[in-house]
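Taking it in order: structure first as structure tokens, then the write-up.
Coordinate-derived values only; no laboratory data. For clarity, every value in this text was computed on a predicted model and none was experimentally measured. Reconstructed Cβ throughout: ideal geometry from the backbone, glycine too, with neighbour counts over all protein chains shown.
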Amino acid sequence: MTFRPTTLERAYQLAREGRCRTVGDIKIQLKIEGYERIRESLYGGTLNAALRELCREHYAAPAEADGPAEAEGPA
């Protein structure tokens with residue numbers, strides 16, 4: 001039997017993975033993954049501050065496929 005993490009557990013996982021920049025990003029990803037009652041599960045200033053801090057510490061912006069835009073100027 002496969003166990004699915006609770007909404008709160010998954011929110012912390014997402015914050016630590018480095019793909020979510022904000023708590024809003026976490027909520028969007030939870031919705032995509034089929035979680036329900038997200039707003040109720042992630043309610044509270046202390047919880048949101050903790051998730052925000054984890055997002056700030058772990059966020060890694062996606063690498064650009066073509067490189068920086070400045071490199072595409074006339075030679």
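Numbers at a glance
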| quantity | calculated |
| --- | --- |
| GNM top mover of 39, 56, 21 - the chain, alpha-carbon springs below 10 Å | 39 |
| Max mean-square fluctuation residue, GNM over the chain, Cα-Cα springs under 10 Å, options 37, 52, 16 | 37 |
| The chain: relative contact order as a whole-number percent, Cα under 8 Å and 6+ apart | 40 |
| Label assignment, percent of Cα pairs over 15 Å apart derived from the structure, set (1) 67; (2) 59; (3) 73 | (2) |
| MRE, 222 nm, helices only [DSSP H, n ≥ 4, -39500 (n - 2.57), over the chain, to nearest 500] | -15000 deg cm²/dmol |
| Given 15 as the ceiling on other Cβ atoms within 10 Å, longest exposed-site-free region of the chain for GluC sites (Glu not before Pro) in DSSP loops | 1-32 |
| Net length gained if the chain between residue 64 and residue 25 were fully extended (0.36 nm per residue, minus Cα distance) | 12.1 nm |
| Net lengthening on full extension, residue 40/residue 13 (0.36 nm per residue, minus Cα-Cα) | 7.9 nm |
